Amino acid sequence: MSAPQPVIKRLDHLGLIAAFCHEIGLPRFIDRAIPKLSDHHVSHGDAVLAMVLNGLGFHSRTLHMFSDFFQTKPVAKLLAKE
């Protein structure tokens, strides 16, 4: 029986952008300005960060292709609060 093949997901320049956004506290600032009032899984700050990453990494696609963009990205790493 063969070992399963690893799945490789590319960060490209998005890792630097995400790290910078976390460094300046962009998601926290947005979450303080717009508090989460309902029971959803993604905070407003994380949603805005995801939109920034999408805008800076998917130049020729429209916003309705948002989910396609993140299929090949390590979302947990990009949105991690470290």
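Only the coordinates and a few stated rules stand behind these numbers; no lab work does. Please read these numbers as outputs of a predicted model, since none were measured by experiment. Backbone-built Cβ (ideal geometry, glycine too); neighbour counts: all protein chains shown.
Across region 1-59, which residue is surrounded by the fewest Cβ atoms within 10 Å (Cβ to Cβ) among those that are without any contact (Cβ under 8 Å) to a residue 12 or more places away in the chain, within 13 Å of the chain's Cα centre (by Cα) and in a loop (DSSP other than H, G, I, E, B)?
Per the stated criteria, the residue is V42.
Please name all residue pairs, on different chains or six or more residues apart, with Cβ atoms under 6 Å, provided the first residue is in region 63-80 and is free of Cβ contacts under 8 Å to residues at least 24 places away in the same chain and the second residue is outside any loop (DSSP other than H, G, I, E, B) and surrounded by 11 or more Cβ atoms within 10 Å (Cβ to Cβ).
Sorted first by the residue in region 63-80, then by its partner, the pairs are F66/N54; F69/N54.
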